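Peer 1: Okay, handing you the structure first.
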Amino acid sequence: MKFGARILKTGLAVVLTFLVVNALDITPGLIAGIAAVNALQPNVHKSFIQTWNQFRGNIIGAISAILMVLMFDSNLIVIGLTIILVLSILIFFKLQSVSTLAVVTVIAIMDEPLGTVMETSDFIYTAFIRFSLVMIGVLCALIINLFVIPPKYEDKMYNHSVSITSDIFKWIRLEINGASDAMSIRKDVKELDKRVTKLETMYSWFREERPYFRKTTYSDLRNKILFKQMIVMTRKAYIVLSNLNRLENDYKYVSDDFTNRIRIEMDQLMAFHEQVFLKIAGKIPPETSIYYQESTAYYENTLMENFLDEYSKLRNTDIRLKYENILEIISSMNEYQKAIERADRLANSYFKYHTKDNELEIQQETLDE
């Protein structure tokens, strides 16, 4: 784990929680501190949803704990049964995500009367204080998430995409040049899949975010569409690499001319991909697709037409079968090309209509962790 905003915000949330608890002069602050740590979420939108869910879950936990103590007193068996009851209710209402703090609330309330004698009114007052301590921690976590270092997902997604794509391109070049061993890099290819999945998860958090202190604009919506497509073309690049790696043995039987054609096409696509990255970062102006357009005129026929022409000349059944497997590589290359072209059009459109309104300002970082 690297030191980052989440670690800093966790510390600040705990500090703020104890400041509030001390100012209100209520104890024990440990309950509020635990609640603050558990309530932190990866984005502000999730924090709002989780705060509401925590409130409902803690209400269920508090009411259940109070009723069980009033009916059966408080002992270890009753505490265990109450926790089972609360967890069952949370599952019924689909509030499993807040079960940890709901159980903390139950234990905090039922632990006080355990082995002591307390008037009913005093017990209910103590239960209210314990419930309040949990909610103070949750609210402090929400405030920290909202105002302290709000996540800049555009920067993170862009820099992760560049880093991941750079590694994908490295392995693609080794594969198409026959300079790699399929088994030796399979572990690295699987690791790249995890990194792309992590990137897609980050986008799901970004998609949920919304401006809370101004109206949502068209540029906000276009921004999310643009970054979604950026991640789609990164996934498509990974699929090309995965197919090249999986079908490496079949790829070796392809003719030198066709292998060279695939190598040239992939070099063009990877250069076009990098060009779209530069466009999104504002390093080159919109409508800059000249390099790719000029490169595609190198061949008169398409890659698929080239493949069908070679395939029709084959007479060996085994070789024909291996050529048929290469169709997966060609198909993934076509899908990759479409994804890049769509990302390029979206980038052109975004910067054409939103040059001043909410302009993207990508900060270069090393965040691929």
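Peer 1: Give the Cα extents of the stretch 5-147 along the principal axes, in whole Å, largest first.
Peer 2: Largest to smallest, the principal-axis extents are 45, 36, 19 Å.
Peer 1: Another question, then. What accessible area per residue comes out for the stretch 153-353, rounded to a whole number of Å², with a 1.4 Å probe?
Peer 2: I get 51 Å² per residue for this part.
Peer 1: Treating the Cα atoms of the stretch 153-353 as identical point scatterers in vacuum, please give the log10 of the normalised Debye intensity I(q)/I(0) at q = 0.07 Å⁻¹, two decimals.
Peer 2: Each listed q maps to, in turn, -0.24.
Peer 1: Distance check, please: which entries in LYS46/LYS224; LYS198/LYS322; LYS9/LYS283; LYS9/LYS46; LYS156/LYS352; LYS279/LYS338 exceed 26 angstrom between their Cα atoms?
Peer 2: Too far apart for the 26 Å limit: LYS198/LYS322; LYS9/LYS283.
Peer 1: Residue by residue through the stretch 241-252, what is 3J(HN,Hα) from phi via Karplus (6.51 cos²θ - 1.76 cosθ + 1.60, θ = phi - 60°)? Round to whole Hz and write x for glycine and proline.
Peer 2: Residue by residue, the stretch 241-252 yields 4, 4, 5, 4, 5, 5, 9, 4, 5, 5, 4, 5 Hz.
Peer 1: Computed FRET efficiency, Cβ-Cβ of SER184 and ILE7, R0 51 Å: what is it to the nearest 0.05?
Peer 2: For R0 = 51 Å, the calculated efficiency reads 0.90.
The values are calculated or read from the model by the stated rules, or taken from the named source; none is laboratory data. Given the structure is predicted, the values throughout are model-derived calculations rather than measurements. Here the Cβ is made from the backbone with ideal geometry for all residues, glycine too, and neighbour counts use every protein chain on show. Calculation scope for accessible area: heavy atoms of the full protein, side chains included, ligands and nucleic acids excluded. Shrake-Rupley method; radii C 1.70, N 1.55, O 1.52, S 1.80 Å.
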